[in-house]
Every structure is written in C-alpha cells, then in structure tokens.
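Chemist: My questions all concern the structure below.
FYI, it's all coordinate maths here, none of it is from the lab. From a predicted model like this one, the values you see are computed outputs, not experimental measurements. Every residue, glycine as well, gets a Cβ built from its backbone with ideal geometry; the counts of neighbours run over all protein chains shown.
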Amino acid sequence: MSKLIKSLKKIAPDKEIMEGTFTSKFFKNEYSYKLSVYMENSSLIEYAEKCIEHFNSLSDDMIDEICHGLIESCHLSDVDFELPELENIRDILDYCWFTSLVTIEDDGIYYLVEGEGDWGEEVGFVIHNDNVNYVGYDYFNVV
C-alpha cells in the first residue's frame with residue numbers, strides 16, 4: 001500500500017494501467033491540490049511515488065521555468081484570450097490548473113504533468129530527472 005497515492009485502482013479491464021490520487025504541494029487543479037497519478041502497472045507504484053516526491057520538491061528555478069513556458073504557451077495560443085499583466089511570473093498559475101501526473105518508466109525520474117489554461121488549450125510539462133524538458137501544448141509528443 002502506498003503512503004502517497006490514495007484510491008489506487010486498475011482503470012482498464014484489458015490493460016494494467018493504474019490510477020490514484022495524491023496531494024500536490026504547489027500546483028493545483030481547479031478546486032484543490034489533489035491530482036491524479038497514472039502508471040502502466042502496479043509494479044511501478046514505488047517509481048510513481050519517487051516521481052511524486054520529485055514533483056513536490058521542484059526547485060524554485062524549475063517552477064519559474066515552467067511558469068515562463070506557460071506564459072509563452074498562452075501568448076502562442078490562437079484562442080481569443082488576453083492574459084492580464086502579471087506582477088509575478090507565478091501569477092500565471094491563477095490562469096491554469098493541472099489534473100494529472102503521468103509516469104514514464106525510466107532509470108531516473110521521468111513524468112509529464114497535464115493541465116489546461118483559461119485560454120482554452122491543454123498545456124503540460126515534461127520533467128526528466130532535474131530538467132524541465134518541455135512546457136506547452138504537445139507535451140505527449142515529447143516523450
């Protein structure tokens with residue numbers, strides 16, 4: 001049983017994909033700090049916990065890099081949305097939310113985080129070890 005992952009269950013009868021929930025320390029969804037976590041099978045629970053721990057301890061520099069990418073994604077959007085002037089780079093987080101962390105099996109730490117912005121586009125970011133590999137729309141195509 002996991003200490004970090006709650007409500008863990010198999011989500012597809014013909015596949016081993018597992019889903020659970022965890023509490024994010026920084027990034028929120030629309031209503032709270034509870035996000036979903038996905039892994040390919042139950043043998044990856046410990047790996048998913050390592051990814052969650054990493055996610056919950058991202059450095060300030062990495063969080064700022066993610067926020068810069070989110071702002072850029074908003075400005076690149078074709079949707080008619082005007083981002084107000086932000087006093088602080090992290091204020092972009094008032095205009096987007098995150099729903100899930102998807103683990104990607106690797107020798108190190110590798111995961112993507114899915115979300116959406118008020119500008120009507122899905123956005124996400126990819127973390128590999130201690131690097132922000134990508135922030136933007138096509139985050140699934142990066143892995």
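Chemist: Nothing charged except the Cβ atoms of Lys and Arg (+1) and of Asp and Glu (-1): what's the magnitude of the dipole of the chain about its Cα centre? Round to the nearest 20 debye. Walk me through the numbers before you get to the answer.
Modeler: Details: 10 positive and 30 negative charges, 201 e Å.
Using only the charged Cβ atoms, the result is roughly 960 debye.
Chemist: Quick one: what are the phi-derived ³J(HN,Hα) couplings along the stretch 86-94, Karplus 6.51/-1.76/1.60 with θ = phi - 60°, whole Hz, x for glycine and proline?
Modeler: Per-residue couplings from phi come out as 9, 6, 9, 4, 6, 5, 4, 5, 6 Hz.
Chemist: Eigenvalues of the Cα gyration tensor times 5, then square-rooted: what semi-axes does that give for the stretch 33-143, in whole angstrom, largest first? Working shown, then result.
Modeler: Details: eigenvalues 131, 40, 28 Å².
For the stretch 33-143, the semi-axes come out at 26, 14, 12 Å.
Chemist: Same structure again: How far is helix 60-76 tilted, in degrees, relative to the longest principal axis of the Cα atoms in the chain, given as a value from 0 to 90 rounded to the nearest 10?
Modeler: 60
Chemist: Please give the contour-minus-distance gain from Glu105 to His75: 0.36 nm per residue of separation, less the Cα-Cα distance, rounded to one decimal in nm.
Modeler: Difference between extended and current length: 7.6 nm.
Chemist: Taking each pair of different alpha-carbon atoms in the stretch 73-138 once, compute 1/r for the pair, average those values, and report the inverse of that mean as the Kirkwood hydrodynamic radius in Å to one decimal. Each step should come with its number before you reach the end.
Modeler: On the way: mean 1/r = 0.0774 Å⁻¹.
After inverting the mean inverse Cα-Cα distance, the result is 12.9 Å.
Chemist: Starting with the highest mean, order 5-15, 102-112 by the number of other Cβ atoms within 10 Å, averaged over the residues of each peptide.
Modeler: Working: 5-15: 11.0, 102-112: 17.0.
Put in order of decreasing packing, that is 102-112, 5-15.
Chemist: Give me the one-decimal nm value for the distance between modelled label points at Lys9 and Thr21, 7 Å along each residue's Cα-to-Cβ direction.
Modeler: Spacing of the two 7 Å Cα→Cβ label points: 1.1 nm.
Chemist: Using Cα pairs closer than 8 Å and at least 6 residues apart in sequence, work out the relative contact order for the stretch 98-143, in percent. Intermediate values should be presented prior to the final figure.
Modeler: Values: 86 pairs, mean separation 12.8, N = 46.
That works out to 28 percent.
Chemist: Oh, and also: Can you give me the long-range amide H partners of Ile109? Hydrogens built in the peptide plane at 1.01 Å from N, cutoff under 5 Å, separation of 5 or more residues or another chain.
Modeler: Sorted by chain and number, the residues that satisfy this are Asn129.
Chemist: Return the whole-Å distance between the Cα centroid of the stretch 94-134 and the Cα centroid of the stretch 1-21.
Modeler: What the calculation gives is 19 Å, centre to centre.
Chemist: Additional query: Could you tell me which of Ala48, Leu93, Phe81 has its Cα farthest along the dipole of the chain towards the positive end, charges placed at Cβ (Lys, Arg +1; Asp, Glu -1), taken about the Cα centre?
Modeler: Ala48
Chemist: Can you check what the net charge comes to around Lys9, using other residues whose Cβ is under 12 Å from the Cβ of Lys9 (Lys, Arg +1; Asp, Glu -1)? Intermediate values should be presented prior to the final figure.
Modeler: On the way: positive: Lys6, Lys10; negative: Glu16, Glu19.
That works out to 0.
Chemist: Also, quick follow-up: All other residues with a Cβ under 13 Å from the Cβ of Glu105 taken together, and with Lys, Arg as +1 and Asp, Glu as -1, what is their net charge? Can you show the working numbers first?
Modeler: Values: positive: Lys50; negative: Glu16, Glu40, Glu46, Asp106, Asp107.
Charge balance in the 13 Å sphere: -4.
Chemist: Moving on. Give me the number: length gained by fully extending His68 to Ser32, i.e. 0.36 nm times residue separation minus the C-alpha to C-alpha distance, one decimal in nm. Don't jump to the answer; show the numbers that get you there.
Modeler: Details: separation 36, 0.36 × 36 = 12.96 nm, distance 2.26 nm.
Value of the extension gain: 10.7 nm.
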